Amino acid sequence: MLDGPMAQSVNKRRKAAIILRYLIDKGSPLPLDALPEDVQVSLTKELGDLPDVDQETLSRIVAEFNAELEALVLPSGDGLRAAAESLSPYLSSAAQNRLRAETLGAPSLDPWTRLAALDPEKRVRIASVEAPEVGAIWLSKIPVTEAADLLRELSGPTARRIAQTMSRVEVTPPEVILSIGHALADAHCIERPKGFDTPSGKRVADILNSADSATRDAILGALEEDTPEFASAVRESIFTFADIAERIEPKDMPSIVRGIPQDQLVSGLAFAMSQGSKTEAIAEFILANISKRLSTALCEEIAERGTVSAKDGEEAHKALVAAIKSLEASGEITLRQKQNG
């Protein structure tokens, strides 16, 4: 039981659990789901560990709670930005976006003005994917010359659907039109925070750089069929053993091989020489752009190595690529641009 001297040293979390138990027993409605998740969990755990509480202790804690409520003074507001930050856990994403636009000092809160500031190419993309009713309202709210330019840039069927829909939106209430404008501007005019620092094409390319050639070719083939534009972005960022001669400056080759264990380097070069003229040319490029002493030593070891398994060869190639990417990331080397085709 919580009584005697122990009752005088009850911490705030336990006091909160006691008040919570008291309110539950009184049948008071408790919207605990409005609290942050970690607070809900903490309160539940504290309630589960709560011992029996004597009447004197309960009365004292309830009295303290009431005294704190009566003494509570609400501070004055600290402006829109502070208010938006304090309420962010409880606001919808659309409301947060609109408030963010205001606190960032948007040049105008009028949604049509914000949309007009978008570049023409983006306006065309938006009008192409939004419902015809949205496009019709948008065109009705912008200057006729801009509306004509937008219609001209849209595909024929899309432009016709929007034009045909304009007669159906003329009775739309002004508050609905304004709401649609805000929704459109909030969706397309606010810079969204990105979850990743690098573009998705580069992230996929980095993963495929570390995959075996069979997996890499299969994924790229599937991307080419399903999303050709995305596949092109991935190919642009991909770097494999086969790209070394095209994209590595000869002067950087000594720094690159310095970071590879010689035994692994021998395996990679021996495997490349056994796979046909294209990969053999890469091996020759590497050997031609390192010191003559090291090149001679490697050639002797390659001759003695014999057949290298595909697994060991691929691993050696991936190690070489990883060393190159690491040096590029640190700024020690710069890759040449990939040639088209």
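Every number in this text was worked out from the coordinates using simple rules, so none of it is lab data. Keep in mind the model is a prediction, meaning the values are calculated, not measured. A quick note on method: Cβ atoms are made from the backbone with ideal geometry, for glycine too, and the neighbour counts reach across all protein chains shown.
Numbers for the structure displayed
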item: At q = 0.17 Å⁻¹, base-10 log of I(q)/I(0) for region 4-71 (Debye sum, equal scatterers on each alpha carbon); result: -0.65
item: Kirkwood estimate for region 194-238, i.e. one over the average of 1/r between Cα atoms, Å; result: 10.5 Å
item: FRET efficiency, 1/(1 + (r/R0)^6) with R0 45 Å, evaluated for Asp212 and Ile24 via beta carbons; result: 0.15
item: Two-decimal ratio, region 231-341, of alpha-carbon radius of gyration to 2.2 N^0.38 Å; result: 1.03
item: Per-selection Rg to Rh, region 165-316 - Cα, Kirkwood hydrodynamic radius; result: 1.30
